[in-house]
Ligand code: FAD
Ligand code: SIN
């Protein structure tokens, strides 16, 4: 690491140089930092930046598990997992990418275990596998019963903290990517919440691992940090963004009241173990929608619940987990049992009120399995990226697998790449630094309120079932919010930056949703019920396409 102060004219900003910068400390960022450190000798070390405390992320809250195509499971094979993934992806999952990720699973999961992550085993010490919707065999590994994300992130945080090559900067947020005049990524501007200052960090390898954007919706299972920052930053930097209209709504989030917006997840694994969805009269209804009933793909179950809620005019349906049996519930779902108990629900006896909530961003920064994006020096992994694995509808538990496989493959790729830190500040970069060294004179925006307005617009108009009129309404409303919010670049605090990024991501989702005049996977249009014969991806690229979305 090299540090100093840049002073030129009226700039005076702290700067540092690292061989690699990793932005985000969920499963993807933590594992990438660790593997890069283990595989490559780096002169200037690795900087791991996180706007949260280390490990606080969507990953931390993952429940059901992680897909493991591992040699210990005789019932499973790569070809079967590829088939299930492609089927759920509704014609948009990339077969080659899926096969690459699936094939790497055995090696990567064993490496995770070697690095201190523990998965649940039976009394003989063999890994145990569970079933989730749209998987043809039991292949989901889990940790702590229903606390897989906690198991993975805690194991990785411990390993990362012990690694001396990794410099950790918590409560600091990347707010802009430094793009040189020849369109290469050379670092980032960060807002350090602890000092309330902006700093420059240079590197020729910047890895975005900032997760998804569930927070742009009113009801979501995602924690508050999931504001799509990395996707917005990459878009502003000119990277290609793919398939943003595909937002996965998880069918079963705990719906205690219409006021509770950040919703606790009731894992799909509960249905995998036999729980049944029932309406307010206690009747099972899934057979009306799919012969796979509770284990149909997520988009199908979500729309079924949505339709039941509409016809009953209620804000939730119920999940009856008592059929699983008390002993198994307590062993497999200790976290869910405890959370429901805290809210007065004994899930061994009482049905759980559930409703769909925004859960996963299938689209994102277009990247390959090694994390390479359309901008040299910029990499994207995990939920912020769109590799083509998930297509129009992600298969359960494929996300954590993608996070760790892409982190592993990226480390391998970088070990063959020259990682010299850039010493030159060219005209393109100077212009960016200029913006961030100026002070802001106007008052702070009330971003908590503004975020709520945006989330409402997205939930009501760009939600589970969409149509042209609503999408246009949303477009105009979001444009108005963008116009009223004067901060195009530099902001005053984290909330303003998040709101700025949420507006960008929301407008990308709306653009792509308007453009896709068909129903496919998680994107359901009441005005275009049919699915086109040939699946196409949507792309948004600020520079060459002037913000327009086109379908290839
Ligand atoms: P995240 O884990 O979201 O991490 C993002 C990190 O980036 C955070 O540390 C955040 O603070 C940081 N960050 C964000 N913006 C910035 C910025 N501007 N500057 C600096 N840092 C920033 N998937 C499965 O496969 N199996 C499951 O069982 C499962 N269960 C889930 C349960 C819940 C409740 C949720 C919400 C998701 C679940 N998922 C599951 C999805 C999965 O957890 C996520 O897709 C995955 O963990 C994403 O990992 P990530 O590392 O890409 O991002
Ligand atoms: C769940 O446990 O239902 C979430 C799994 C996932 O999102 O992959």
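Read-outs: derived from the displayed coordinates by stated rules, not from any lab. Note that this is a predicted model, so its numbers are computed, not measured. Using ideal geometry, Cβ is built from the backbone for each residue, glycine included, and neighbour counts are taken over all protein chains shown.
Of note:
- Exposure proxy for 322, 93: other Cβ atoms within 10 Å of each Cβ, ordered fewest to most, give 322, 93.
- Compared with the direct C-alpha span, the chain from residue 193 to residue 280 gains 26.6 nm at full extension, assuming 0.36 nm per residue.
- Normalised per residue, the volume of the convex hull around the Cα set of the range 255-413 (Å³): 139
- By the beta-carbon count within 10 Å of each Cβ, the least crowded to most crowded order of 207, 472, 457, 166, fewest first, is 472, 166, 457, 207.
- All Cα pairs of the range 381-430, percent lying beyond 18 Å: 51
- Label point of residue 456 set 7 angstrom out along Cα-Cβ; within the range 499-524, amide nitrogens under 17 Å from it belong to 503.
- Modelled FRET efficiency - R0 35 Å, residue 533 with residue 77, Cβ distances, 0.05 increments: 0.70
- The Cα-based radius of gyration of the range 354-497, divided by its Kirkwood radius, gives an Rg/Rh of 1.03.
- Difference of contour (0.36 nm per residue) and Cα-Cα distance, residue 39 to residue 482: 155.1 nm
- Ellipsoid equivalent to the chain - semi-axes via the Cα gyration tensor, in Å: 36, 27, 21
- Rounded D (µm²/s) - the range 173-315, Kirkwood Rh over Cα pairs, Stokes-Einstein at 20 °C, 1.002 mPa s: 117
- FRET efficiency, residue 291 to residue 443 (Cβ-Cβ, R0 41 Å, nearest 0.05): 0.10
- As a calculated quantity, the FRET efficiency between residue 12 and residue 327 at R0 = 51 Å, using C-beta atoms, amounts to about 0.20.
- The slack between residue 162 and residue 346, meaning 0.36 nm per residue of separation minus the straight C-alpha distance, is 62.2 nm.
- Ordering 438, 303 from the fewest to the most neighbouring beta carbons within 10 Å gives 438, 303.
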